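For reference, the structure discussed in these notes is given below.
The values are calculated or read from the model by the stated rules, or taken from the named source; none is laboratory data. Note that the coordinates shown come from a computational prediction; the quantities given were computed from them, not determined experimentally. We place every Cβ from the backbone using ideal geometry, glycine too, and count neighbours over all the protein chains shown.
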Amino acid sequence: MKIGPIQLRKAAGPAERRAVRPSCIGKRERGALIIDCRGCRQKQDLADPRCLKGIIRIMASEAPGIREIILSRDWEIIYDQDCVDALSAISDIVRFANSIQFHQPFEDCATCLSNPRTVIARMVDGLPRAAPEMDASFARPSGGHGRACEQCIRTLRSNMDHARHLLDLAETRINKAAFKVVSSNDH
């Protein structure tokens, strides 16, 4: 998927250099999400996977209603509503994953292959591509704790099914934004 910027413009003010920082920072102003790219090691481009993940992480922490994304360094790169719609769909998945609460009643839960925290973290880390963990059929009770493990797996499968549904919605929104594809289900 390649959704390009709608506009480029020279950034206001002097191009000051800051110390390199570990993650993206942004602020919301009048419907725009302004990402301060000064001091960032990544490219100022959503085609850069680390930049894209940073933007999605910020969007997941913001309330909906963003109309444009502005990447600001020496130049401002402005992405319009179509791009925002596509990224919002992906950030919805991250927002959902961040809201899931996990209770691990046994000490060995942390090392279980079906540990929900680990599975969900791998899924989120794989975004915007679908991670193999989206198939929750691999999850099997393995901790030897009977009903507690079975309930944990049922909850994990339910959460993964919902995440898969959100991913399907994201794919539809991305197709609509990037390729102007409209399905019969959209009416």
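May I ask you to verify whether A97 is of a type in the set (G, A, S), within 14 Å of K53 (Cα to Cα), assigned to a helix (DSSP H, G or I) and within 16 Å of the chain's Cα centre (by Cα)? The answer is no for A97.
From the list C51, C83, the one residue that fits, being outside any strand (DSSP E or B), of a type outside the set (S, T, Y) and in contact (Cβ under 8 Å) with a residue 40 or more places away in the chain, is C83. Taking the criterion of being at pLDDT below 65, touching a Leu at 6+ places or on another chain (Cβ under 9 Å) and crowded, with 17+ Cβ neighbours inside 10 Å, the residues of the range 135-173 that qualify are A136, A139.
Each residue in the range 46-97 was checked for being touching a helix residue (DSSP H, G or I) at 6+ places or on another chain (Cβ under 9 Å) and aromatic (F, W, Y), and 2 of them qualify.
Which of the residues that make up the range 7-38 are modelled with pLDDT of 85 or more and part of a loop (DSSP other than H, G, I, E, B)? Spell out the reasoning first.
Initial filter on the range 7-38 (modelled with pLDDT of 85 or more): 25-38.
Correct list: R30, G31, C37, R38.
Scanning the range 77-103 for residues that are aromatic (F, W, Y) and surrounded by fewer than 17 Cβ atoms within 10 Å (Cβ to Cβ) turns up just one, F102.
One line per residue, one yes/no per condition, for (1) in the same structural domain as G31 (by TED's automatic domain parsing); (2) in contact with a strand residue (DSSP E or B) (Cβ under 8 Å, 6 or more places away or on another chain); (3) not aromatic (F, W, Y):
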position: D74; (1), (2), (3): yes, yes, yes
position: S88; (1), (2), (3): no, no, yes
position: S91; (1), (2), (3): no, no, yes
position: F106; (1), (2), (3): no, no, no
position: T111; (1), (2), (3): no, no, yes
position: S114; (1), (2), (3): no, no, yes
position: R117; (1), (2), (3): no, no, yes
position: I120; (1), (2), (3): no, no, yes
position: V124; (1), (2), (3): no, no, yes
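The single condition from (1) more than 15 Å from the chain's Cα centre (by Cα); (2) closer than 27 Å to G144 by Cβ that I77 fails is (2).
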